[in-house]
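All of the numbers you see were taken from the coordinates with simple rules; none came from a lab. The structure displayed is predicted, hence computed values, not measured ones. Cβ sites come from the backbone with ideal geometry, for glycine too, and all protein chains shown count toward neighbours.
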């Protein structure tokens, strides 16, 4: 059995009106870091990141976000607003007894992480973003950068009903598989990975719910507050969907942020360069054991 698989515990948490599938690993008393996937992924997107973080002393939680994988898929675009998605994350942290935690988000998971860190400064200790624009910059950037507008045309297509679902489902999810394999380095998404993705996409109502994240975009109310937590943005500059300038644009919303660029990596940087991404995450988040000791010492000095 794979060592990393052996560390995982799968559970269903009921929070914020939905049931969410969450994979966890690491000691229950260790500080928490939550990994948030994007479109069209599921919790398994983070398989290569779990063990290095556990080895660094962290408790890792990797949810299927609502609408994805084995998590519940409520109907209606109003169920997929940024605030609702952020509430899910807060509910998971509460269920895992973690009033403060670190966040790592990629793609849509990064958008949720940006929003939550701005909204809940007392909860988010550190924030790591992988190829995800700050919600407050995305539309304004696209309107002033024609290439980004061209790259984002699929967002408009996803606003349609029924047709996108039918096309994405056709030929055993051929378009979704192509979206992964054609925009990444050859061999990044082998058949072993794609089988897990197809199983997640085949869950009842999954495609509709996944697209409802995009359909809820007109309802978004991006936060413009400066993020108090330290922020590391790791950006694959060979991203075919997002302009590299979006990384720098996000820094205007950070009090203490910086960008680390991986020039040869695509949107799927955590799959393509897992060792580099893992090292950057562990370096930025620090030693979980030291964080736990510091928290224990702080509680001893300030008993309730």
Taking the beta-carbon count within 10 Å as an exposure proxy, list 12, 137 from fewest neighbours to most. 12, 137
Contour minus Cα-Cα distance for residue 252 and residue 171 (0.36 nm per residue): 24.8 nm
For the range 234-278, what log10 I(q)/I(0) values come out of the Debye formula at q = 0.15, 0.18, 0.27, 0.31 1/Å, with one point per alpha carbon and no solvent? -0.37, -0.52, -0.95, -1.08
What is the angle, in °, between the Cα long axis of helix 288-301 and the longest principal axis of the Cα atoms in the chain? Nearest 10 is fine, range 0 to 90. 50
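Quick check on the exposure proxy: order 217, 111, 9 from fewest to most C-beta atoms within 10 angstrom.
Numbers: 217 18, 111 26, 9 10.
The fewest-first ordering by Cβ neighbours comes to 9, 217, 111.
Given the DSSP H assignment, sum -39500 (n - 2.57) over each helix run of at least 4 residues in the chain and divide by its residue total; what's the result at 222 nm in deg cm²/dmol, nearest 500?
That calculation yields -13000 deg cm²/dmol at 222 nm.
So what is the relative contact order of the chain, in percent, for Cα pairs below 8 Å that sit 6 or more residues apart? Let's see the in-between values first.
Values: 543 pairs, mean separation 61.9, N = 304.
Computed over the chain, the figure is 20 percent.
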Show me, bin by bin at 20 Å from 0, the whole-percent P(r) of the chain based on Cα pairs. 35, 60, 5, 0
Can you tell me the 0 to 90 degree angle between the C-alpha axis of helix 191-201 and the longest principal axis of the chain, rounded to 10? 80
I want to check the label-to-label distance for residue 276 and residue 159. Put each point 7 Å from Cα in the C-beta direction and report it in nm to one decimal. 3.6
Helix 274-285: inclination vs the chain longest Cα principal axis, degrees, rounded to 10, gives 40
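Remind me, relative contact order of the range 5-82 in percent, using alpha carbon pairs under 8 angstrom and six or more residues apart?
Details: 129 pairs, mean separation 25.8, N = 78.
Relative contact order here is 33 percent.
Based on the Kirkwood radius over alpha-carbon pairs, what value in µm²/s does the Stokes-Einstein equation return for the translational diffusion coefficient of the range 178-304 at 20 °C and 1.002 mPa s? Show your work: numbers first, answer last.
On the way: Rh = 18.1 Å.
The estimated diffusion coefficient comes to 118 µm²/s.
Quick one: length gained pulling residue 199 to residue 11 fully straight, 0.36 nm per residue minus the C-alpha distance? Display every interim value, and only then the final one.
Working: separation 188, 0.36 × 188 = 67.68 nm, distance 1.81 nm.
Roughly 65.9 nm would be gained on extension.
Nearest 0.05, what FRET efficiency do residue 290 and residue 94 give at R0 = 22 Å with Cβ-Cβ as r? Before the final figure, lay out each step's value.
Working: r = 24 Å, r/R0 = 1.10.
Once the sixth-power term is evaluated, E becomes 0.35.
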